[in-house]
Amino acid sequence: MTQAIKPENYNSRIEQVGEWKIRVTSYKLGDKYHVTVDNVDPGAALARSEGATIEEAESKALDKARAMVSKTRVFA
(Lines give C-alpha, C1' and ligand atoms only; values in the text may rest on other atoms or scores of the structure.)
Protein backbone atom coordinates (compact mmCIF):
# COMPACT_ATOMS: atom_id res chain seq x y z
CA MET A 1 0.00 0.00 0.00
CA THR A 2 1.27 3.47 -0.89
CA GLN A 3 1.54 5.94 1.96
CA ALA A 4 0.14 9.43 1.33
CA ILE A 5 2.49 12.38 1.61
CA LYS A 6 1.00 15.40 3.34
CA PRO A 7 2.09 18.97 2.64
CA GLU A 8 4.04 20.69 5.41
CA ASN A 9 5.02 24.31 6.17
CA TYR A 10 2.21 25.79 4.04
CA ASN A 11 2.59 29.56 3.65
CA SER A 12 0.80 32.15 1.53
CA ARG A 13 1.56 35.87 1.31
CA ILE A 14 0.80 38.80 -0.98
CA GLU A 15 3.53 41.01 -2.44
CA GLN A 16 3.59 43.98 -4.79
CA VAL A 17 5.62 43.72 -8.03
CA GLY A 18 5.40 46.96 -9.98
CA GLU A 19 1.69 47.68 -10.40
CA TRP A 20 0.69 44.06 -9.76
CA LYS A 21 -0.24 42.24 -6.58
CA ILE A 22 1.01 38.65 -6.57
CA ARG A 23 0.37 35.79 -4.18
CA VAL A 24 3.31 33.53 -3.28
CA THR A 25 2.22 30.12 -1.99
CA SER A 26 4.78 27.62 -0.74
CA TYR A 27 4.78 24.22 0.94
CA LYS A 28 7.00 21.21 1.48
CA LEU A 29 5.97 17.90 -0.04
CA GLY A 30 8.27 15.02 0.82
CA ASP A 31 11.83 16.30 0.52
CA LYS A 32 11.10 19.15 -1.94
CA TYR A 33 9.64 22.61 -1.58
CA HIS A 34 7.00 23.75 -4.08
CA VAL A 35 6.10 27.36 -4.87
CA THR A 36 3.30 28.83 -6.97
CA VAL A 37 3.06 32.52 -7.84
CA ASP A 38 -0.23 33.92 -9.14
CA ASN A 39 -1.64 37.36 -9.76
CA VAL A 40 -4.20 38.04 -7.06
CA ASP A 41 -6.91 39.22 -9.43
CA PRO A 42 -7.97 37.07 -11.36
CA GLY A 43 -5.72 34.45 -9.73
CA ALA A 44 -4.02 33.04 -12.82
CA ALA A 45 -0.80 31.12 -12.14
CA LEU A 46 2.28 33.01 -13.32
CA ALA A 47 5.01 30.58 -12.26
CA ARG A 48 5.61 27.30 -10.49
CA SER A 49 8.87 25.97 -9.15
CA GLU A 50 10.38 23.39 -6.86
CA GLY A 51 13.69 23.14 -5.06
CA ALA A 52 15.63 21.51 -2.27
CA THR A 53 15.19 24.61 -0.07
CA ILE A 54 12.40 27.15 0.26
CA GLU A 55 14.78 29.93 -0.77
CA GLU A 56 15.75 28.13 -3.99
CA ALA A 57 12.16 27.34 -4.96
CA GLU A 58 10.89 30.87 -4.21
CA SER A 59 13.80 32.50 -6.03
CA LYS A 60 13.13 30.53 -9.22
CA ALA A 61 9.37 31.14 -9.13
CA LEU A 62 9.68 34.86 -8.32
CA ASP A 63 12.25 35.40 -11.08
CA LYS A 64 9.86 33.82 -13.62
CA ALA A 65 6.88 35.82 -12.32
CA ARG A 66 8.77 39.13 -12.34
CA ALA A 67 9.87 38.51 -15.93
CA MET A 68 6.27 37.86 -16.97
CA VAL A 69 4.88 40.87 -15.13
CA SER A 70 7.56 43.18 -16.57
CA LYS A 71 6.40 42.27 -20.10
CA THR A 72 2.74 42.99 -19.34
CA ARG A 73 1.37 46.25 -20.67
CA VAL A 74 -1.03 48.25 -18.54
CA PHE A 75 -3.64 50.45 -20.24
CA ALA A 76 -4.82 53.37 -18.17
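Numerical summary
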{"read-out": "Lys pairs, the chain - Cα-Cα below 25 angstrom, 8 or more residues apart or on other chains", "value": "11"}
{"read-out": "Degrees, to the nearest 10: 54-70 long Cα axis against longest axis of the chain", "value": "20 degrees"}
{"read-out": "Residue-averaged 222 nm ellipticity for the chain, from DSSP H runs of 4+ at -39500 (n - 2.57), nearest 500", "value": "-7500 deg cm²/dmol"}
{"read-out": "Apportionment of accessible area to carbon and sulfur, the chain, percent (1.4 Å)", "value": "51 percent"}
{"read-out": "Most to least packed among 7-14, 64-71 [average Cβ atoms within 10 Å]", "value": "64-71, 7-14"}
{"read-out": "Per-peptide average of other Cβ atoms within 10 Å, ordering 33-42, 47-56 highest first", "value": "33-42, 47-56"}
{"read-out": "The chain - charge dipole about Cα centre, Lys and Arg +1 at Cβ, Asp and Glu -1, debye rounded to 20", "value": "200 debye"}
{"read-out": "Cα-based Rg / Dmax (Å) for the chain", "value": "14.0, 57"}
{"read-out": "Between segment 4-26 and segment 37-76, the Cα center-to-center distance that results, in Å", "value": "10 Å"}
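The values are calculated or read from the model by the stated rules, or taken from the named source; none is laboratory data. The structure presented is a predicted model; accordingly, all values stated were derived computationally and were not measured. Cβ sites come from the backbone with ideal geometry, for glycine too, and all protein chains shown count toward neighbours. Side chains are part of the model used for accessible areas, which takes the heavy atoms of the whole protein and leaves out ligands, DNA and RNA. Shrake-Rupley method; radii C 1.70, N 1.55, O 1.52, S 1.80 Å.
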